[in-house]
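Enquirer: What follows is a single structure, and I will ask about it in a moment.
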Amino acid sequence: MQLFLDTTDTAVLKDLAQTGLVDGVTTNPTLIAKSGRPMLEVIAEICALVEGPVSAEVVAPDLESMIAEGRKLAAIADNVVVKAPLTREGLMLTRALAIEGIMVNVTLCFSAAQALMAAKAGAAFISPFIGRLDDHGADGMELIHDIRTIYDNYDFSTAILAASVRNAAHVRAAALAGADCATIPPSVFLELYKHPLTDRGLEQFNADWAKTGQSIL
Ligand code: E4P
């Protein structure tokens, strides 16, 4: 399973990328606004920090401008993935860019039927928003299961990118459901390897080792 960071904080990204476990990055207009920086500059900086896919979202209201934005974003670096909303125009954008060989991540997916349409349009990634569905009283993980089944039934190669992930339990469930990737906030990245029993166990091992007076090196 690939792990992407959902962030525009380049300092945090630089730090976590050192682990070698960050496979890509996703951004959205809210995260760009939070960074307080020009979008094109932030995306270029992120692309230089990670080799994997970096999603950058179009914001124009009409198809023609969306296509122009998508081409401009894709020209920033080879690893840019254009992010398109799951609307009629977004699907048409996906199809147009896919024909040009530009990868598209279709975002704001809340139903299996939407995911089917995105795959048919040629999306490289589909982003079902688990957390927001849960907040809405639905079952976000059920959607991941449904999309997995549909994509497998028809051999769609669109990667399922679990998004709006709120905690480590979401990552576990998405992995069990067969999501190809998950995009997570930096706080959840840390949660994935931290465990109080690991810390307690290590403390005990270190204390016992100190008693031996030995050194391996
Ligand atoms: C994914 O691409 C989105 O940027 C992100 O996962 C949205 O998460 P949120 O629902 O926590 O805003």
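The values are calculated or read from the model by the stated rules, or taken from the named source; none is laboratory data. Everything numeric in this text was worked out from a predicted model, so none of it was measured. Using ideal geometry, Cβ is built from the backbone for each residue, glycine included, and neighbour counts are taken over all protein chains shown. Please note that ligands, DNA and RNA were not included when accessible areas were found on the heavy atoms of the full protein model with its side chains. Shrake-Rupley method; radii C 1.70, N 1.55, O 1.52, S 1.80 Å.
Enquirer: I'd like the residue in segment 173-207 that is surrounded by fewer than 13 Cβ atoms within 10 Å (Cβ to Cβ) and assigned to a loop (DSSP other than H, G, I, E, B) and, out of all such residues, is farthest from the ligand (Cβ to nearest atom).
Expert: His195
Enquirer: Same structure again: Can you go through Ala115, Ala123 and tell me which one is part of a loop (DSSP other than H, G, I, E, B), aliphatic (A, V, I, L, M) and at pLDDT 95 or above?
Expert: One residue alone meets the criteria, Ala123.
Enquirer: Enumerate the pairs (first residue in segment 28-40 and within 12 Å of the ligand (Cβ to nearest atom); second residue anywhere and open to solvent by 70 Å² or more (accessible area, probe 1.4 Å)) with beta-carbon separation below 8 Å, excluding pairs fewer than 6 apart on the same chain, so at least 6 apart or on different chains.
Expert: The qualifying pairs are Pro29/Val59.
Enquirer: Does His170 qualify as being away from the ligand (no atom under 15 Å from the Cβ) and on the phi < 0 side of the Ramachandran plot?
Expert: So His170 does not fit the description; no.
Enquirer: Another question about this same structure. Restricting attention to segment 125-167, which residues are of a type outside the set (S, T, N, Q) and away from the ligand (no atom under 16 Å from the Cβ)?
Expert: Hits for segment 125-167 are Glu142, His145, Asp146, Arg148, Ile150, Tyr151, Asp152, Tyr154, Asp155, Phe156.
Enquirer: I need a count of the residues in segment 125-148 that are within 27 Å of Leu97 (Cα to Cα), open to solvent by 10 Å² or more (accessible area, probe 1.4 Å) and of a type outside the set (Phe, Trp, Tyr).
Expert: Number of matching residues: 3.
Enquirer: Does Gly122 count as under 20 Å from Ser55 (Cα atoms) and away from the ligand (no atom under 15 Å from the Cβ)?
Expert: Judged against the criteria, Gly122 is a match.
Enquirer: Could you check Ser65 against (1) more than 25 Å from Ala182 (Cα to Cα); (2) open to solvent by 50 Å² or more (accessible area, probe 1.4 Å) and say which number it fails?
Expert: The one condition Ser65 does not meet is (2).
Enquirer: I'd like the full set of residues that are within 15 Å of the ligand (Cβ to nearest atom), open to solvent by 60 Å² or more (accessible area, probe 1.4 Å) and under 22 Å from Ile144 (Cβ atoms), limited to segment 1-27.
Expert: Passing the criteria: only Gln2.
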